[in-house]
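The values are calculated or read from the model by the stated rules, or taken from the named source; none is laboratory data. Here the structure is a predicted model, which is why all the values come from computation and not from measurement. For neighbour counting, all protein chains shown are included, and Cβ atoms are generated from backbone atoms with ideal geometry for every residue, glycine included. These area figures cover heavy atoms from the full protein model, side chains too; ligands, DNA and RNA do not enter into them. Shrake-Rupley method; radii C 1.70, N 1.55, O 1.52, S 1.80 Å.
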Amino acid sequence: MSVIPTSFFLQMDVVSLANQLIGCRLNTVIDGKFCSGIVLETEAYAGETDKASHAFGGRKTFRTSVMYKEGGIAYVYFCYGMHYLFNVVTAVEGVPHAILIRALLPVEGIDAMQSRRGSKVKFGQLTNGPGKLTKAMGIEKSHNGLLLEEGHIWFEKTSEKLVGDIVATPRIGIDYAEEDALLPYRFVWMPSEGHK
DNA sequence: ACACCGATTATCT
DNA sequence: GATAATCGGTGTA
């Protein structure tokens with residue numbers, strides 16, 4: 001298990017990075033509670049040329065200013081009036097690439113996740129969506145722009161081998177992106193048969 | 001299993 | 001004033 005340094009996110013190929021994050025651990029220490037989960041689903045947002053990106057066409061607003069910073073920080077934004085979505089900003093300063101984390105497999109801090117999500121929520125529903133996992137992990141707007149370092153919000157590589165395959169599909173919920181809605185920028189871990 | 005739809009508000013036009 | 005990188009409840013089967 002090794003902490004992923006913020007410099008890892010300076011890579012310029014955001015689609016490759018989104019693929020590479022599958023199987024890594026996302027960890028948080030928030031409100032004194034340690035939570036950890038394996039990244040199962042990501043989406044790449046490829047900056048100014050990607051019609052699905054908030055920064056499409058070079059839009060610089062208060063919200064997107066975080067995306068233009070140097071890679072290795074969190075981009076957390078409020079969606080549909082009720083959910084926080086967590087992204088990793090990637091690439092060098094001035095290039096607004098980001099990766100949305102869409103699903104996790106809970107590993108540690110499951111009690112904390114359960115109490116944040118509500119006692120009625122089943123284990124399989126704790127972190128199987130981008131708005132659900134931020135709530136379970138304790139991520140919200142105060143974390144926007146935060147450097148991804150050990151002890152607060154950070155990623156780790158594990159030596160455990162992933163049993164299954166990573167498949168690429170079109171992204172979810174971006175019908176407004178016209179032809180870019182079809183790009184295979186979503187990565188999902190599919191367990192192999194017999195390892196469900 | 002799957003389709004539909006209402007909630008709720010920051011952000012941008 | 002419209003939109004939105006979602007979620008969970010309700011309905012039909």
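Overview of results
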item: Full-extension gain in nm, A:M1 to A:H152, via 0.36 nm per residue minus C-alpha separation; result: 52.7 nm
item: For chain A, calculated [θ]222 nm from helices alone, where every DSSP H run of n ≥ 4 adds -39500 (n - 2.57); result: -3500 deg cm²/dmol
item: Cross-link partners of A:K60 among aspartates and glutamates (Cα-Cα below 13 Å; sequence separation of 8 or more within a chain); result: A:E48
item: Out-of-range pairs (alpha-carbon distance over 27 Å; input A:K120/A:K141; A:K33/A:K141; A:K69/A:K141; A:K120/A:K157; A:K51/A:K120); result: A:K120/A:K157; A:K51/A:K120
item: Distance cut-off 23 Å, percentage of C-alpha pairs in chain A lying past it; result: 39
item: Rg and Dmax [Cα atoms of the stretch A:1-55; Å; Rg one decimal, Dmax integer]; result: 13.5, 40
item: Accessible area in the full protein assembly, largest first, 1.4 Å probe, for A:W189, A:W154; result: A:W189, A:W154
item: Net charge, A:E93 excluded, C-beta distance under 15 Å - Lys, Arg +1, Asp, Glu -1; result: 0
item: Summed residue charge, Cβ within 13 Å of A:V107's Cβ, Lys/Arg positive, Asp/Glu negative; result: -3
item: Candidate aspartates and glutamates - alpha carbon under 18 Å from A:K132, same-chain residues fewer than 8 apart omitted; result: A:D31, A:E41, A:E43, A:E108, A:D111, A:E140
item: Surface accessible to a 1.4 Å probe, A:M190 within the full protein complex, Å²; result: 90
item: Accessible surface, per residue, of the stretch A:2-191 when the full set of protein chains is kept, probe 1.4 Å, Å²; result: 46
item: Dipole magnitude of the stretch A:2-191 about its Cα centre (Cβ charges: Lys, Arg +1; Asp, Glu -1), debye to nearest 20; result: 640
item: Rounded percent of accessible protein surface that carbon and sulfur make up, chain A, 1.4 Å probe; result: 55
